[in-house]
Amino acid sequence: MIPFLELGSAYRELKSEIDDAVSRVLSSGSYILGKEVADFEEQFAAYCEAEACIGVGNGLDALHLALLAVGVGPGDEVIVPSHTFIATWLAVAQCGAKPVPVEPDSRTFNIDPERIEQALTDRTRAIVPVHLYGQPADLDPILSVARKHGLKVVEDAAQAQGASYKGRRIGGHGDAVSWSFYPVKNLGAIGDAGAVTTNDPEIARRLRLLRNYGSEVRYYNDEIGYNSRLDPIQAAILGVKLRHLDAWNARRQVLADMYLDSLRDCIELPTTIPFTRSVWHLFVVRHPKRDELQRRLAEAGVGTIIHYPVACHQQKAFADRGFRASDLPIAQKLAETVLSLPMGPHLSTADCAAVIERVKSTVAQMGEPGAPSGA
């Protein structure tokens, strides 16, 4: 069996470094914020080519607090992709705002910039482009629309640690960039963790207040805040892994190239934008009989996952918004056809080759064309 992802390999590779880092925190006696968090914030900000990094409890909090910090509140509207993990929509709803979905480019899976302007109203406050599956969204036209209409841009980079757009790393193009360090991410903690990067000192100041009860000085609370602080043990672990992130991302590119070279005549593959560098958090293919393909691959010993089987507008959490499946046909079609193949820096070349052969033989046995009809 070739698993979709095996998380223990990263720990085994870095065991001595991670154990030393955890032991250092435990011996320090400082267990809330402190030096470990500050050190990682400085390192990650520099890595992202951003002025500031604010560590928080998890990726959803990162996006929620970033939206609050740029001024999103009740009654506002926020542009979101129709195809994304539901956390993007949840963060908007947690602000009391309305997520307004915009369809993606079905080739890259990212929000289609050409569709954004027609979705704007006088209540629109922000745009949330998601760098989905590790592939940067096309930011320049999104930023241009935002500047034209006086909107904030809060990037959801939960899956894009190390990705770059036009030669510059993701992390500071928009007003704020939210990050998740959930264990499966390219830069993953051993538990929940998140952060926001920004070049705006006022946004950074507000984020530090919001994550810590709305307080800058202990027992003096300037606003209604939250308790969402990056844990120093997770910060220390992330600091270790950050030193290896570029090498791990390079390994992901090698595996992605194997898939792209070998499966091009077999199944519908993701399309990359030439002026971006994906970090291949996921390698997502499409097939018109996706569920059958997934079942057959499992029988052949290949683990796969569907990202994501239920489109956001069809989730029960948003049932009161009155969306019909037909309202967002591209997102609906993607939910029915996408399938993620094994991907990770510790997937061996032999296992990747085995996945390729099993996908090719399974698709051939099914007797179906690999590329579904256009979404």
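The values are calculated or read from the model by the stated rules, or taken from the named source; none is laboratory data. This structure is a prediction, so every number in the text was calculated from the model and none was measured. For neighbour counting, all protein chains shown are included, and Cβ atoms are generated from backbone atoms with ideal geometry for every residue, glycine included. Ligands, DNA and RNA are stripped out before the accessible areas are found, and what is left, the full protein with its side chains, is counted by its heavy atoms. Shrake-Rupley method; radii C 1.70, N 1.55, O 1.52, S 1.80 Å.
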Using alpha-carbon positions, the gyration tensor of the chain gives root eigenvalues a ≥ b ≥ c; with a/c under 1.5 called rounded, otherwise prolate if a/b exceeds b/c, else oblate, the class is oblate
By average C-beta atoms within 10 angstrom, highest first, the peptides 199-208, 128-137 | 128-137, 199-208
At a 1.4 Å probe, what is the % contribution of carbon and sulfur to the accessible area of region 16-98?
-> 55 percent
State the percentage of accessible surface on region 281-375 attributable to carbon and sulfur atoms; use a 1.4 Å probe and exclude ligands, DNA and RNA.
-> 50 percent
Keeping the other protein chains in place, figure out the carbon and sulfur percent of the accessible area of region 171-263, with a 1.4 Å probe.
-> 51 percent
Note on the chain, DSSP bridge orientation, antiparallel percent to nearest 5 equals 60 percent
Net length gained if the chain between ALA353 and ASP265 were fully extended (0.36 nm per residue, minus Cα distance) | 30.1 nm
Residues of region 73-116 with backbone N under 19 Å of the label point set 7 Å from the Cα of ARG147 along Cα→Cβ are 113-116
Global geometry of region 29-76, whether rounded, prolate or oblate, following the gyration tensor of its Cα atoms and the 1.5 cut on a/c | oblate
Taking 0.36 nm per residue of separation between GLU51 and THR121 and subtracting their Cα-Cα distance, the length gained on full extension comes to 22.0 nm
Net dipole in debye of the chain [+1 Lys, Arg Cβ; -1 Asp, Glu Cβ; about Cα centre; nearest 20] | 260 debye
Gyration tensor on Cα atoms of region 298-342, a ≥ b ≥ c root eigenvalues, a/c under 1.5 rounded, else prolate if a/b beats b/c, else oblate, says prolate
Note to self: with every protein chain in place and a 1.4 Å probe, region 7-166 gives an accessible area per residue in Å² of 38 Å²
Listed residue (THR88, SER28, THR337) projecting farthest to the positive dipole end of the chain, Cβ model | THR337
Express in % the proportion of alpha carbon pairs of region 1-111 at distances exceeding 21 Å.
-> 61 percent
Which distance in nm do the two modelled labels at ALA38 and VAL310 give, with both placed 7 Å along the Cα-to-Cβ direction?
-> 4.5 nm
